[in-house]
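In what follows, a structure is listed as structure tokens, so that the remarks can point back to it.
The values are calculated or read from the model by the stated rules, or taken from the named source; none is laboratory data. What you see is a predicted model; the values in this text were computed from it and never measured. Here the Cβ positions follow ideal geometry from the backbone for every residue, glycine too, while neighbour counts run over all protein chains shown. These accessible areas exclude ligands, DNA and RNA; they are computed on the full protein's heavy atoms, side chains included. Shrake-Rupley method; radii C 1.70, N 1.55, O 1.52, S 1.80 Å.
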Amino acid sequence: MAKTPRLKDDCFALPEGTHWTPVDEALGHLKSQMHCVVGPETVPVWQAIGRVLAADATARRANPPYANAAVDGYGFAFAALSGAEAEALPLVDGRSAAGVPFEGVVPLGQAIRILTGASLPEGVDTVIMQEDVQTVDGILHFEHGIKRGANCRAKGEDIDAGAVALVAGTRLGPQEVGLLVALGVAEVLVYTRLRVGVVSTGDELRQPGEAANAHQIYDANRPMLLALLKDWGFEAVDLGVAKDDRAAVAAVLDQAAERCDALLTSGGASAGDEDHMSAVLGAEGRLDLWRIAIKPGRPLALAMWQGMPVFGLPGNPVAAFTTALIFARPALGALQGQGWRQPQPNLLPAAFGKRKKTGRREYLRARRKGDGSVEVFASEGSGRISGLAWAEGFVELPDEAMEIKAGDPVRFIPFSEYR
Ligand code: AMP
Ligand code: MG
């Protein structure tokens, strides 16, 4: 099989003279540089949840595979109805049930007992619901008014055999797997799962259950980012914590390059004394520090390390979460063969007022209220990790200056849109 092409070493380099990069430009650049880096494999359909189709999936058989009844009732040929106020059709002996079809022919002018999902016997093109009839001494009675073809499902009315059911790049969820199985598909060609590593950096970090001194904090980013990656269908690789030390950072990057297709790091990505991640990536890898005009978010460190793309996220958990969704999610999707997915906002009335300055895009932690409006978290402070748990999405405010009054439409993007 042909080897999947790797990313270019300078794929993260921004055009000359760029200082504060607008979000759309940063996304546009990422979009132009990220492409699929994984190859295809065949898996049983029931193991394919969360995987991305590497080829169009076509229907092995039609859905429905045969014409059948949509209700429990009685079937007959519409042509035989008299059109009078009341109809009376003798019932044939026998019935048609799901999985146990009636093998004979229903003569014109007669009717047959038929159950939901049963194939329509020859001579039947219309089914009346059992609630709308009476049967007396083997005769079916009902009032006129039924339409030709009522309560019948035509063969292939949902999808024809051989038709494309799902296109390459589709991520398979429960509904997609249900569809494929219905269409007779037993195995699918999907991309191998993108292996995405997560590493935290910082001498102050402690692990859950460990004692922590007043000057130490718990490593919130690693479990959060690993869980995001699993939700998104990637193979999440836990690479632990690297100390604030160049050798430790270089060692974990080497380890990641061996085990992963891409890496998310958090912390140490700015240009401070203890920002060893950016220092190592800059000295030994190919680093491009993006200063993106976004709040919250510090510089985003994007680098190639031994051919592996590294997304150096900020240490602050709110900024790490936000930049993971906005930048890493679509980029990883492209690496995984999903193509570039742009989350779609809903326009909802604001339940808040705010004035914002020009020059950067803002992502406010937000959630919907019962009345359909959207409220934002009380504090915009990016240290407020409780706001992440409180929120169910972002309100995205444009780069330009803006004054929002209660009731004005704002762009709400649920976190579930980043999938
Ligand atoms: P840094 O980017 O390393 O300067 O970190 C910025 C802020 O985020 C500091 O307050 C760090 O203590 C905090 N921080 C860094 N990594 C994590 C982490 N894994 N979990 C929680 N907070 C972190
Ligand atoms: Mg740090």
Quiz item: What does the helix-only formula give at 222 nm for the chain: each DSSP H stretch with n ≥ 4 adding -39500 (n - 2.57), the total divided by the residues, and the result rounded to the nearest 500 deg cm²/dmol?
Solution: -5000 deg cm²/dmol
Quiz item: Arranged from highest to lowest average of other beta-carbon atoms within 10 Å per residue, in what order do the peptides 192-205, 57-70 appear?
Solution: 192-205, 57-70
Quiz item: Which three extents, in whole angstrom, do the alpha-carbon atoms of the chain cover along their principal axes, largest first?
Solution: 94, 57, 47
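Taking a probe of 1.4 Å, how large is the accessible area per residue of the range 169-219, in Å²?
With all protein chains present, the range 169-219 gives 49 Å² per residue.
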Quiz item: Using alpha-carbon positions, what is the distance between the centroids of the range 289-343 and the range 230-249, in Å?
Solution: 15 Å
Exercise. Compute the separation of the alpha-carbon centres of the range 22-50 and the range 145-213 and state it in Å as a whole number.
Key: 14 Å
Self-check item: Of Ile146, Ile404, Ile385, the one that fluctuates the most in a GNM where the chain has Cα springs shorter than 10 Å
Solution: Ile146
Quiz item: the range 229-323: Rg/Rh from Cα coordinates, Kirkwood Rh?
Solution: 0.94
Self-check item: Candidates per trypsin sites (Lys or Arg not before Pro) in the range 339-406, loop by DSSP, up to 13 other Cβ within 10 Å
Solution: Lys357, Lys369, Lys405
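Would you mind working out the magnitude of the charge dipole of the chain relative to its Cα centre, with +1 at each Lys and Arg C-beta and -1 at each Asp and Glu C-beta, to the nearest 20 Debye?
860 debye
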Quiz item: Between Trp20 and Val164, 0.36 nm times their residue separation minus their Cα-Cα distance comes to what?
Solution: 47.4 nm
Quiz item: Carbon-plus-sulfur fraction of the accessible area of the chain, 1.4 Å probe, in percent?
Solution: 50 percent
Quiz item: From the residues Phe102, Ala163, Ala88, which one has its Cα farthest along the dipole of the range 87-209 in the positive direction, the dipole being from +1 and -1 charges on Cβ of Lys/Arg and Asp/Glu about the Cα centre?
Solution: Ala163
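Looking at the chain, what % of its DSSP beta bridges pair antiparallel, to the nearest 5?
So the antiparallel bridges in the chain amount to around 70 percent.
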